[in-house]
Amino acid sequence: MNYYEKIVILDPNLEENAVDETVERIKDLIIKHGGEIFKTEKWGRRKLAYELNKHQKGNYIFLLFKSPPSTILELEKLSKVVDPIIKFMVVKLTNKKQIAAVSQSAAETAAKEAEDETAAAREKPAEAGEVAPPQEEKKNV
């Protein structure tokens, strides 16, 4: 599997839920083909360097993911067919430092999410009939 960055420019007139639906379609395709998504960022509406399909602005979306090379062809097909996408680009990460940074970032993100879930479970008040899990006490020796 290879590491990739994908930038998508969507129609600036789209409502937020339509942007979310388009992003989910892209993410679902990556996952369906055995990929793993590390980061998804919505950069918002920005001015384009030049006019695209009579648009001066576009909604920018950034994805960082790992997938088999065959997924890229499917992503290109999807990007050409989906109307809200006015421009897209996929870049394969080949620099070992970039790949190491992505791997480390993914590990840190997973650890933080697990920590947040654990903290949320501890802070969540016990619902009717449920007993809250005991909290560990730290002892100084």
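Where a number appears in this text, it was derived from the coordinates with a stated rule and is not lab data. Small disclaimer: the values here were computed from a predicted structure and weren't measured. In this analysis, Cβ positions are derived from the backbone assuming ideal geometry, glycine residues included, and neighbour counts consider all displayed protein chains.
Ranked for footprinting exposure by Cβ neighbours inside 10 Å, fewest first, 50, 3, 60 give 50, 60, 3.
Taking other C-beta atoms within 10 angstrom as a stand-in for reagent exposure, 46, 25 fall in the order 46, 25, fewest first. Taking GluC sites (Glu not before Pro) across the range 7-108, the ones in a DSSP loop with at most 13 further Cβ atoms lying within 10 angstrom of their Cβ are 15. In order along the range 82-91, the Karplus-derived 3J(HN,Hα) couplings, from 6.51 cos²θ - 1.76 cosθ + 1.60 at θ = phi - 60°, round to 6, 4, x, 7, 9, 6, 8, 8, 10, 10 Hz, and Gly and Pro are given as x. Pairs over the 30 Å Cα-Cα cut-off, from the set 27/54; 27/57; 54/97; 57/80; 27/97; 39/80: 54/97.
Evaluating 6.51 cos²θ - 1.76 cosθ + 1.60 at θ = phi - 60° for every residue in the range 15-30, the Karplus couplings come out as 6, 4, 5, 5, 4, 4, 4, 5, 4, 5, 4, 5, 5, 4, 5, 4 Hz, glycine and proline recorded as x.
The calculated FRET efficiency for residue 95 paired with residue 48, based on their beta-carbon distance and R0 = 25 Å, is about 0.35. By the gyration tensor of its Cα atoms, with a ≥ b ≥ c the square roots of the eigenvalues, what is the shape of the range 1-63: rounded for a/c under 1.5, prolate for a/b over b/c, or oblate? Because a/c hits 1.5 or more and a/b exceeds b/c, the range 1-63 counts as prolate.
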